[in-house]
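Chemist: Before I ask anything, let me first share the structure, which is written out below as structure tokens.
Read-outs: derived from the displayed coordinates by stated rules, not from any lab. Note that this is a predicted model, so its numbers are computed, not measured. Every residue, glycine as well, gets a Cβ built from its backbone with ideal geometry; the counts of neighbours run over all protein chains shown.
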Amino acid sequence: MSQKNLRTALTALTLACIATLGHAQQGKLKVGLMLPYSGTYTALGVAIENGFKLRVEEQGGKLGGREIEYVKVDDESDPAKATDNVNKLIKRDNVDVIVGTVHSGVAMAMAKAAKESGTTLIVPNAGADAVTGPMCAPNIFRSSFSNWQPAYAMGEVAAKQEKKKKAITITWKYAAGDESTNGFKEGFEKAGGQVVKQLTVPFPNVEFQALLTEIAAAKPDAVYAFFAGGGAVKFVKDYAAAGLNKTIPLYGPGFLTDGTLDAQGDSAQGMLTTLHYADGLNTPRDTSFRTAYAKAFKLQPDVYAVQGYDAAQILAIGLDATKGDISKKAEFAAAVEKAKIDSPRGAFSVGKSHNPVQDIYLRKVDGKENKMVSVAIKGLADPARGCRM
Ligand code: PHB
């Protein structure tokens, strides 16, 4: 071999090595699942994980050409432990992307850590308005909702359609409860109603008796409640056991009755709620999702399962655009921002603030289902107050 040919061969070999190394460096994509696996939101965390994994399996276990490896942390829905927990994933486990969580207070600590470290974060539930408001960032996405969205829609429905004039709100005292009840108040009062009292209990307490007595004495036209998971089961049952459901309709964002109807039974029948998902959508996309979910987990999916599934869809869109290279943040974000996400809930986009712009359904509890009644507000975008990107 001549010197020149040898040089050419060596160059080719070097280039091949670099290419292979590049591929090897890509290796598996480490997904950190930070979710509640204990406490009142346990079922929500499990449904999110199931939904996420279902989408990954539908893609042959890979997204953007990369195999997925999971690391899990139980966040216990405890904001006091949130910074330590998220740093375990970022610093100890070196994850490529974080998917989490359910609780708004925990999610805000996660958003702060994601913003500081540049780690991609996809929020598959927590509605904290700040995450896609003042804390919004190019590497932070949400596949769920803002607390304002379903709440505002329920306020409109209660005043305009149900013709209610005076309402009391009740919730756990933390970001999600405050934002949800304030969102309801905004929609309700804009449409002519008045919120006369805003009641709270500490998270995750379920001692509701004293407040139910107060509601009975005040006799409002309606009550709007934000609770979810185990707390929602208890609240709806206590409300009915006190006989209040006979005289004062109980409204809420759909979390009050989603994934909870088996346990709530008769106490929830006929309730109206608003949410970005519903039973009985009867679209081919939703039907195929529900069939696959039921087959994989021997369970009916709920809104949390859909949000987990769509978190994987958002990740796939970004990774497809960057050929699996999640460090290409700008390309990743640009692809997600212009995508129409083909969700079981109906197609949605995330826009500049990275929060779903989506239809909010009015649903009515009928047996074990939150049956779709109508579209309460079409293509509702969160106002994204304070988001500058
Ligand atoms: C929240 O903390 O943002 C939250 C928790 C449970 C829900 C919805 C929102 O079902």
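Chemist: To the nearest 10 degrees, how steeply does helix 42-58 sit against the main Cα axis of the chain, on a 0 to 90 scale?
Modeler: It works out to around 40 degrees.
Chemist: For Asp320, project a label point 7 Å along Cα to C-beta. Then give me every residue of the range 105-124 with its amide nitrogen under 19 Å of that point.
Modeler: Of the residues in the range 105-124, 122 have backbone N under 19 Å from the label point off Asp320.
Chemist: 5 Å is the cut-off here: which amide hydrogens, built 1.01 Å from N in the peptide plane, fall below it relative to Lys197, excluding neighbours closer than 5 in sequence?
Modeler: Thr169
Chemist: Which of the lysines could a cross-linker bridge to Lys91, judged by Cα under 28 Å and excluding same-chain residues fewer than eight apart?
Modeler: By straight Cα distance, Lys91 reaches Lys28, Lys30, Lys53, Lys62, Lys72, Lys81, Lys112, Lys115, Lys323, Lys328, Lys329.
Chemist: Could you work out how much longer the chain between Ser38 and Asn282 gets when fully extended? Use 0.36 nm per residue separation minus the Cα distance between them, nm to one decimal.
Modeler: Extra length from Ser38 to Asn282 when fully extended: 84.5 nm.
Chemist: Something else about it: In degrees from 0 to 90, rounded to the nearest 10, what is the angle of the helix 209-218 Cα long axis to the longest principal axis of the chain?
Modeler: Between the helix axis and the principal axis of the chain, the angle is about 50 degrees.
Chemist: I've got another one for you. Grab the Cα-Cα distance for Gln194 and Glu369, subtract it from 0.36 nm times how many residues apart they are, and report the gain in nm with one decimal.
Modeler: 60.0 nm
Chemist: Gain in length, Lys329 to Thr83, computed as 0.36 nm per residue apart minus the alpha-carbon separation, to one decimal in nm?
Modeler: Once the chain is fully extended between Lys329 and Thr83, it gains 86.3 nm.
Chemist: Then there is this: Out of residues 5 or more away from Thr322 or on other chains, whose amide H comes under 5 Å of its own, with H placed 1.01 Å from N in the peptide plane?
Modeler: Hits under the 5 Å cutoff: none.
Chemist: Could you name the lysines in cross-link range of Lys160, using Cα to Cα under 26 Å and dropping any fewer than eight places away on the same chain?
Modeler: Lys185, Lys190, Lys197, Lys219, Lys246, Lys364, Lys371, Lys378
Chemist: What FRET efficiency, computed as 1/(1 + (r/R0)^6) with R0 = 41 Å and r the Cβ-Cβ distance, is obtained for Ala218 and Arg388, rounded to the nearest 0.05?
Modeler: 0.50
Chemist: Read phi for every residue in the range 91-96 and hand back ³J(HN,Hα) as whole Hz from Karplus 6.51 cos²θ - 1.76 cosθ + 1.60, θ = phi - 60°, with x for Gly and Pro.
Modeler: Once rounded to whole Hz, the list reads 8, 7, 8, 6, 5, 7.
Chemist: Among DSSP bridges having both ends in the chain, what percentage is antiparallel? Round to the nearest 5.
Modeler: Expressed as a percentage, antiparallel bridges in the chain total about 35.
Chemist: Compute the Cα gyration tensor for the range 147-219, then decide on rounded, prolate or oblate, letting a ≥ b ≥ c be the square roots of its eigenvalues: rounded whenever a/c is under 1.5, prolate when a/b is larger than b/c in the other cases, and oblate in all that remain.
Modeler: In terms of gyration-tensor shape, oblate.
Chemist: Explain nothing, just compute: Karplus ³J(HN,Hα) = 6.51 cos²θ - 1.76 cosθ + 1.60, θ = phi - 60°, for every residue of the range 155-171 in order, whole Hz, x for Gly and Pro.
Modeler: In residue order, the calculated couplings are x, 4, 4, 4, 7, 6, 8, 8, 6, 7, 10, 10, 10, 10, 10, 9, 6 Hz.
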